[in-house]
Structures are given as structure tokens and as C-alpha cells.
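Worksheet: the structure to be examined is printed underneath.
The values are calculated or read from the model by the stated rules, or taken from the named source; none is laboratory data. Being a predicted model, the structure only gives us computed values, none of them experimental. In this analysis, Cβ positions are derived from the backbone assuming ideal geometry, glycine residues included, and neighbour counts consider all displayed protein chains. Accessible surface is based on the protein model in full, side chains and every heavy atom, while ligands, DNA and RNA are left aside. Shrake-Rupley method; radii C 1.70, N 1.55, O 1.52, S 1.80 Å.
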Amino acid sequence: MKTGKTHKEIPWSQIRVELSKDEAAAQGDAFFVLRNKTRLRIIHLLRRYSGLLCVSEIAEALDEHPSVISNHLAILRAAGMVSKERYQAYAYYSLTQGAMEQYNRLLENL
């Protein structure tokens, strides 16, 4: 371990990392999910319209192919940001409870 002081005159013995490796890994995973513009647009669309939109509605609103939207929704579901509800032949998506709080916390931790 280093002895002495940093350039800001803080003793090296007082330097502590508050972010654990596990927390950093979790934040990295969340950033991976949220760094994509289409996924961010899906989140904002679901937030604006209070969810319960199907793939074709989201695809049309975002001018994307439904298969592209389905892939992004699968990633968002795996991250716990989006939930799926089946009604007849359709699946409707909405933000999970606390998804926006999770998103805001991530941004605050930058």
C-alpha cells in the first residue's frame, strides 16, 4: 500500500472506494441495457403512455421493425425494467414498478 499523501494532500490511508466490485458490475450491466437509443426510446414511450403497448404499436411509434423491438424488449425484461402481460394473441408491455426510480438512481450515481 502506498504511504504519503495524494496531490490533494489526502493521506493514502484515508482513500476508500465506496463502490464495490459487485455494485460496479451491476451498474455496468444496467448501463449496457440503457446505452442503446432504441431501448431508451421504448422506456420513454412506455412511461409517457403508462405502458400496456404491444410490440407492433411500439414498432410503429418508433419507426422500427417489430422483430427489432421484440429483441430490445427481451433485454429490458431480463434487466427487470419491463414486464409483459398477455391478452389473447397479444403481449402488452409496461414499465415494472420502480423502473424509473432504478433508472434515476443509476443516473444519479454517475
- line: Here the relative contact order (percent) of the range 13-110, from C-alpha pairs under 8 Å and at least 6 apart, is 26
task: Scan the chain and hand back the longest stretch that contains none of the trypsin sites (Lys or Arg not before Pro) lying in DSSP loops with at most 14 other Cβ atoms within 10 Å.
output: 36-110
query: In whole percent, how big is the carbon plus sulfur part of the accessible area of the chain, probe 1.4 Å, protein atoms only?
result: 50
- prompt: Within the range 8-110, which GluC sites (Glu not before Pro) sit in a loop by DSSP and count at most 14 neighbouring Cβ atoms inside 10 Å?
  reply: GLU9, GLU18
- line: Counting only backbone N atoms under 17 Å from a point 7 Å out along Cα-to-Cβ of MET100, the residues of the range 42-72 in range are 42-53
message: At 1.4 Å probe radius, can you tell me the per residue accessible area of the chain in Å²?
response: 74
- line: Computed about the Cα centre, the charge dipole of the range 1-89 from +1 Lys/Arg and -1 Asp/Glu charges at the Cβ has a magnitude in debye, to the nearest 20, of 340
message: If I ignore ligands, DNA and RNA and count only protein heavy atoms, how much of ASP29 is accessible to a 1.4 Å probe, in Å² to the nearest 10?
response: 100
query: Rounded to a whole number, what is D in µm²/s for the chain from Stokes-Einstein with the Kirkwood radius over alpha-carbon pairs (4 °C, 1.567 mPa s)?
result: 80
